[in-house]
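Peer 1: Supplied in structure tokens, the structure appears directly below.
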Amino acid sequence: MLIAENVCKYFGSNQVLQNVSMKVQDGDVVVIIGPSGSGKSTFLRCLSHLERIDSGRIVINDKEITKDTKKINISSEVGIVFQNFNLFPHMTALQNVMEGPVTVKKMPVKEAKELSMDLLKKVGLADKMDCYPSKLSGGQQQRVAISRALAMNPKIMLFDEPTSALDPELVGEVLNVMKTLAKEGMTMVVVTHEMGFAREVADRVIFMSEGRLLEEGVPEEVFTAPKNSRTRSFLSSVL
Ligand code: ADP
Ligand code: MG
């Protein structure tokens, strides 16, 4: 489903990703944890081809990305959900979700509307379809953002700290949508500090530090018996 092989990424002289390799199988839920600045967002942005890589390769569902890959739209392959929702402010919830299918996939408007309405219902927003983002809570905006990514029917969903910008009482509604997706078999890579979510949903947890993947294992293993000293000190600071 997804292979990253020796991915390196620089910003100027700052090497942000150092030979990052990872495999994700169909239906896997992989959680990435690690300190701020360790390259987690950059890695997800490289996986979704929003950021060019400097060496190595990424294969997603048989599409290969290398340093020479031209800008291609892979939103049908990979959906990404950001910390700050990034909805189009001048469009309603429904228009936000319809945008991709209509403009990128050239789906007929009627069909895109039905699909988008179904997706908004699925995330519990049947009554908010005609609202603009500014009239929605953070949790609602994030659920629209998830619907918008799903509307492209991606093979894999990437989440970059999807609940970090939310008030605590709104975190659960977003995590519940993500849990439902995981149960339905969606392949997911999730950067999060929600350790409860990781324990409950993740097949594997990866610890990232200073641009490297330092440790990988099932949640129980990584959380209760971390092998790497940096994983240990990170976990003791967040748990
Ligand atoms: P994380 O998501 O783990 O907090 P990031 O991927 O955001 O880490 O950042 C990793 C490193 O890359 C940091 O040192 C950050 O300052 C740097 N960085 C991220 N984006 C850019 C950018 N667009 N230009 C220059 N440096 C960047
Ligand atoms: Mg980040």
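The values are calculated or read from the model by the stated rules, or taken from the named source; none is laboratory data. All of these numbers come straight from a predicted model, not from anything done at the bench. Cβ placement follows ideal geometry from the backbone for every residue including glycine, while neighbour counts extend to all protein chains displayed. The protein model used for the area step is the full one, side chains on, heavy atoms only, and it has no ligands, DNA or RNA in it. Shrake-Rupley method; radii C 1.70, N 1.55, O 1.52, S 1.80 Å.
Peer 1: For residues that are in a helix (DSSP H, G or I), surrounded by fewer than 22 Cβ atoms within 10 Å (Cβ to Cβ) and of a type outside the set (Gly, Ala, Ser), tally how many sit in the range 120-139.
Peer 2: 6
Peer 1: Right, here's the next one. Does at least one position in the range 150-165 carry a residue that is basic (Lys, Arg) and closer than 22 Å to LYS40 by Cβ?
Peer 2: The initial filter retains those residues of the range 150-165 that are basic (Lys, Arg), namely 155.
Filter once more, keeping what is closer than 22 Å to LYS40 by Cβ: 155.
Among the residues of the range 150-165, at least one is basic (Lys, Arg) and closer than 22 Å to LYS40 by Cβ, which makes the answer yes.
Peer 1: Which of (1) within 16 Å of ligand 2 (Cβ to nearest atom); (2) under 12 Å from GLU5 (Cα atoms); (3) of a type outside the set (Gly, Ala, Ser) is the odd one out, the single condition ARG45 does not satisfy?
Peer 2: The failed condition is (2).
Peer 1: Any idea which of GLU111, GLU99, GLU64, GLU51 is surrounded by fewer than 19 Cβ atoms within 10 Å (Cβ to Cβ) and within 16 Å of ligand 2 (Cβ to nearest atom)?
Peer 2: Numbers: GLU111 fails: within 16 Å of ligand 2 (Cβ to nearest atom); GLU99 fails: within 16 Å of ligand 2 (Cβ to nearest atom); GLU64 fails: within 16 Å of ligand 2 (Cβ to nearest atom).
Within the list GLU111, GLU99, GLU64, GLU51, the selection yields GLU51.
Peer 1: Residue by residue through the range 186-216, note down the ones that are more than 16 Å from ligand 1 (Cβ to nearest atom), open to solvent by 40 Å² or more (accessible area, probe 1.4 Å) and assigned to a loop (DSSP other than H, G, I, E, B).
Peer 2: ASP203
Peer 1: Would you kindly identify the strands (runs of 3 or more DSSP E) lying entirely within the range 1-90 that contain at least 1 residues that are within 9 Å of ligand 1 (Cβ to nearest atom) and over 14 Å from the mean Cα position of the chain (by Cα)?
Peer 2: Working: elements: 2-11, 14-24, 29-33, 55-60, 63-65, 78-81.
Correct list: 2-11, 14-24.
Peer 1: Something else now. Test ASN176 against the criterion of being in a helix (DSSP H, G or I) and open to solvent by 30 Å² or more (accessible area, probe 1.4 Å), and give yes or no. Before you say what the answer is, go through the steps one by one.
Peer 2: Details: in a helix (DSSP H, G or I): yes; open to solvent by 30 Å² or more (accessible area, probe 1.4 Å): yes.
Yes.
Peer 1: Looking at the structure I just gave you, is ILE74 touching a strand residue (DSSP E or B) at 6+ places or on another chain (Cβ under 6 Å), under 17 Å from PHE159 (Cβ atoms) and open to solvent by less than 40 Å² (accessible area, probe 1.4 Å)?
Peer 2: no
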